[in-house]
Structures are given as structure tokens and as C-alpha cells.
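Readers should treat all values here as calculations from the given coordinates under stated rules, not as data from a laboratory. If you're wondering where the values come from, they're calculated on a predicted model, not measured in any experiment. Because the Cβ atoms are built from the backbone with ideal geometry, glycine has one as well, and the counts that use them run over all protein chains shown.
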Amino acid sequence: MRYFVVVVFAVLSLSLAAAPPRGTPSTGNQTLVGKAATIKIKRIELEEVPLDSVFHMLRLVIKKDDPEKRGINIVTMGLDKIDKSITLTLSDISALDAIRAICASAGLQYKFERYAVVIQPKPPKKKK
């Protein structure tokens, strides 16, 4: 019995030591962020494009300009409820910076998850 408890404690200690601390990006996030930073978009031009269509177009451009021709997954949540159009032209920019620029201009937030970038409206500011 004593031997069993020591082995279980040792296994638990090793598994906890191997896990990244909470709030630390996982390897999947870092890999996706790195990939988005290395894909260079030659040019994307949007004129009065509805917000829910912007990221569909961005996916296509990223896939076309990705040396591996795989692109990155972009998941949008709640954009169909926002009645907004985007006009912008970006040239020689990383996919990461394009996502940042589009989100900043539209008042959106983005988060790199393990296998996709999740785009959604910013939560309303809390009233004090």
C-alpha cells in the first residue's frame, strides 16, 4: 500500500510539472501565431465589404499566399449580427498583422486558440 501511494504521488507530480501554468499559451497557440506571423499577404483590397464576408475573403487570401497553400483556420462568432462594412487596402503585411488591423478597424477582438483564430465582437464595457 505504501509503495502504491508513493508511485501515484510521483506520477501526479511529474504530470503537473509537465503541464504549462494556467494562462500560458500552449504550443498549438504559439505555432498558429508563428504561422500567421510568417505568411506574407501580398495585397488585400476591400471596399464596403460586409463584416461577415471580410474574414471569408481573408481566409482565401491567406491560403493563396501561404507557401504551404494550407492557410489558417479563422472562426467568426456573432459577426452576422453586426451591420458594418469594411474598406481597407493592405499590402506586404503578415496574416497576423492583417487580422489585427481588421479587428482594430471593426472594433472586434481575436484570440489564437489551438487550431484556429477566433474573431468575435468585443464585450460591452461595464458601467461603473
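Each label was represented as a point 7 Å from its Cα along the Cα-to-Cβ direction; for S91 and A37 these points are 2.6 nm apart.
Annotation: region 25-121 has a Kirkwood hydrodynamic radius of 13.3 angstrom, from the mean reciprocal C-alpha pair distance.
State the extension gain, in nm to one decimal, for the chain segment bounded by A116 and H56, taking 0.36 nm per residue of separation less the distance between their alpha-carbons. Could the numbers behind the result be given before it?
Working: separation 60, 0.36 × 60 = 21.60 nm, distance 1.36 nm.
Additional length available on full extension: 20.2 nm.
Take every pair of alpha-carbon atoms less than 8 Å apart whose residues are at least six positions apart; their mean separation over the length of region 25-121 yields a relative contact order of 39 percent.
Counting other beta carbons within 10 Å of each residue's own, what order do R100, R70 fall into, fewest first? Write out the running numbers ahead of the final one.
On the way: R100 14, R70 11.
Fewest to most other Cβ atoms nearby, the residues stand as R70, R100.
Exposure proxy for V117, V75: other Cβ atoms within 10 Å of each Cβ, ordered fewest to most, give V75, V117. Whole angstrom only: what separates the Cα centroid of region 80-128 from the Cα centroid of region 37-66? Each part reduced to its Cα centre gives a spacing of 12 Å. Taking amide H as placed 1.01 Å from N in the peptide plane, I74 has its amide H under 5 Å from the amide H of V117, each at least 5 places away in sequence or on another chain.
Bridge orientation summary for region 25-121: considering DSSP beta bridges with both residues in this region, about 80 percent are antiparallel.
Cross-link reach is defined here as a Cα-Cα straight distance under 27 Å, omitting same-chain residues fewer than 8 places apart; for K42 the lysines meeting it are K63, K64, K69, K84, K111.
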